[in-house]
Amino acid sequence: YNNIDPLIESKPPFIDLTTSREEYIYIDRKGLLDKKSTRMRPGTVGICASIKHKYNVDTIPHVLCGGFTKEETEYLLVDCHYLGIDNVMALRGDARKEEKYFVPTKGGHNYSNELVTQIADKNNGKF
C-alpha cells in the first residue's frame, strides 16, 4: 500500500498490474538437483482485488499465455469475476529466462489472440 498511496492522490481511472510467469528453481537434495516450479505470491489477482476494494479503483490484471494452461486461465477468469474485476489485459508473455524464444505451456495458448477468444467465450457463457 505504501507504493499505491501516492498514486491514488492523482485519482487514476485504473491501475494495471503485471503478472510474473512461473520460474524454475533447483533444490539440492544430497547432490541431486530437483527442478521445482514457483510463482510469486501473492498473485496478481489477489493484489488487484486488494487494491480495488481498498481504494475503489478499477484494477486490470495482466493475463498471460506463458505459464498457464487453458484450465488455469479459466480459474483465474472465474476468480476475477467473483472479485468484481471485469477488465483484463491479455498478453502472450515473455520467454522464460532459460529460453531463447517463447515456448507455450503444454495445454495453454500459443498467442494472445487465442487467449482473447477464451476470454470472450467465457463472457458468453461458453466454458
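Kindly indicate whether any position in the range 86-103 is open to solvent by 50 Å² or more (accessible area, probe 1.4 Å), outside any helix (DSSP H, G or I) and among the aromatic types (Phe, Trp, Tyr).
Yes, that holds for at least one residue.
Scan the range 28-55 residue by residue and report those that are small (Gly, Ala, Ser) and at pLDDT below 85.
31, 37, 43
Given the conditions (1) closer than 29 Å to residue 8 by Cβ; (2) open to solvent by 30 Å² or more (accessible area, probe 1.4 Å); (3) in a loop (DSSP other than H, G, I, E, B), report the number of the one that residue 50 does not fulfil.
Unmet for residue 50, out of (1) closer than 29 Å to residue 8 by Cβ; (2) open to solvent by 30 Å² or more (accessible area, probe 1.4 Å); (3) in a loop (DSSP other than H, G, I, E, B): (3).
Would you tally the residues in the range 108-127 being open to solvent by 50 Å² or more (accessible area, probe 1.4 Å), within 15 Å of residue 73 (Cβ to Cβ) and assigned to a loop (DSSP other than H, G, I, E, B)?
The total comes to 4.
Failed condition for residue 33, given (1) open to solvent by less than 50 Å² (accessible area, probe 1.4 Å); (2) assigned to a strand (DSSP E or B), with all others met?
(1)
Exactly one condition in (1) out of contact with any strand residue (DSSP E or B) (no Cβ under 7 Å at 6 or more places or on another chain); (2) under 19 Å from residue 109 (Cβ atoms) is not met by residue 49; state its number.
So residue 49 meets the others, but not (2).
Would you check which residues across the range 60-72 are in contact with a helix residue (DSSP H, G or I) (Cβ under 6 Å, 6 or more places away or on another chain) and in a helix (DSSP H, G or I) and list them?
The initial filter retains those residues of the range 60-72 that are in contact with a helix residue (DSSP H, G or I) (Cβ under 6 Å, 6 or more places away or on another chain), namely 61, 65.
Once the filter is applied, which keeps residues that are in contact with a helix residue (DSSP H, G or I) (Cβ under 6 Å, 6 or more places away or on another chain) and in a helix (DSSP H, G or I), the range 60-72 yields nothing.
The values are calculated or read from the model by the stated rules, or taken from the named source; none is laboratory data. These numbers were taken from a predicted model, which means no experiment stands behind them. Every residue, glycine among them, receives a Cβ derived from its backbone with ideal geometry; neighbour counts consider all protein chains shown. For the accessible areas, the whole protein counts, side chains as well, though only heavy atoms, and no ligand, DNA or RNA atoms are used. Shrake-Rupley method; radii C 1.70, N 1.55, O 1.52, S 1.80 Å.
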